[in-house]
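Before anything else, here's the structure in question.
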Amino acid sequence: MSAPIGALFGTGAGGLPPAEPVDFARLTLPASPNTCLAAPPGGHPQAHITVPPLPVDAATAWPVLRRLGDGFPRTTLIRDWPERRQAQWVERSALMNYPDIVAAELVPRPGGAGLFLYSRSLFGWSDLGANRRRVERWLAALDAALRRR
């Protein structure tokens, strides 16, 4: 996904192209190091992080995941596809307002829901590890939220 320069001046989802669901089965990561993909075991050959099955099924985890972005600063839900149990958010950097996209999808798996979580920069080549740190932060927040439910 590339974004027009107007995306730098927007707030929330302002200036971004319309969101489309991510097909994780066909997703090919770019050559640039400004992404991070977390996936269930065996879920994607390019995954940077393997996510063990969640302790609940996908239907139970969906409302928790759907609200997860509300707890992060400068993060706005762009769109969701409940029938896919997939949602996308934009998280903007504090200093330069750079928009990064976070996409998450829950899939049924034996032993609990599987989670795909993909964070990517819309601008630049390297992110100095920002997307990986974001994915790790989201995984920790989801784990904590599921424990509280």
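Values quoted throughout were computed directly from the atomic coordinates according to the rules given, and no laboratory measurement underlies them. Bear in mind that the values here come from a model prediction, so they are computed numbers and not experimental data. Here the Cβ is made from the backbone with ideal geometry for all residues, glycine too, and neighbour counts use every protein chain on show.
Subtract the Cα-Cα distance of residue 147 and residue 60 from 0.36 nm times their separation in residues, and report this length gain in nm to one decimal. Write down the numbers at each step before the final one.
Numbers: separation 87, 0.36 × 87 = 31.32 nm, distance 1.21 nm.
The span from residue 147 to residue 60 would gain 30.1 nm if fully extended.
As an exercise, use a Förster radius of 35 Å and the Cβ-Cβ distance of residue 93 and residue 26 to find the FRET efficiency, rounded to the nearest 0.05. Don't skip to the answer; put the middle values down first.
Values: r = 29 Å, r/R0 = 0.82.
FRET efficiency, residue 93 to residue 26: 0.75.
May I ask you to evaluate 6.51 cos²θ - 1.76 cosθ + 1.60, the Karplus curve with θ = phi - 60°, for each residue of the range 102-119 and list the ³J(HN,Hα) values in order in whole Hz, giving x for glycine and proline?
Result, ordered by residue: 10, 10, 9, 9, 9, 10, x, 9, x, x, x, 5, x, 10, 9, 9, 10, 10 Hz.
Then there's this: Under 16 Å from a point placed 7 Å out from the Cα of residue 11 along the Cα-to-Cβ direction: which residues of the range 88-102 have their backbone N that close?
So the set is 90-99.
Where does helix 130-148 land angle-wise versus the long Cα axis of the chain, in degrees 0 to 90, nearest 10?
Helix 130-148 sits roughly 40 degrees off the main axis of the chain.
Compute the acute angle (0 to 90°) between the alpha-carbon long axis of helix 58-68 and the principal axis of greatest extent of the alpha-carbon atoms of the chain; round to the nearest 10°.
30 degrees
Also, quick follow-up: Rounded, prolate or oblate, given the Cα gyration tensor of the range 37-132, with a/c below 1.5 counting as rounded?
Numbers: a/c = 2.47, a/b = 1.47, b/c = 1.68.
Because a/c hits 1.5 or more and a/b fails to exceed b/c, the range 37-132 counts as oblate.
Shifting gears a bit: Just from its helices, what would the mean residue ellipticity at 222 nm be for the chain, if runs of 4 or more DSSP H residues each count -39500 (n - 2.57) and the sum is divided by every residue, rounded to the nearest 500 deg cm²/dmol? Don't skip to the end; give the middle numbers.
Numbers: 2 runs with 30 residues, N = 149.
Estimated from H runs of four or more residues: -6500 deg cm²/dmol.
If you don't mind, another one. Beta carbons within 10 angstrom, averaged per residue: use that to sort the peptides 103-110, 70-77, highest first. Don't skip to the end; give the middle numbers.
Numbers: 103-110: 18.8, 70-77: 14.0.
My ranking of the peptides, most packed first, is 103-110, 70-77.
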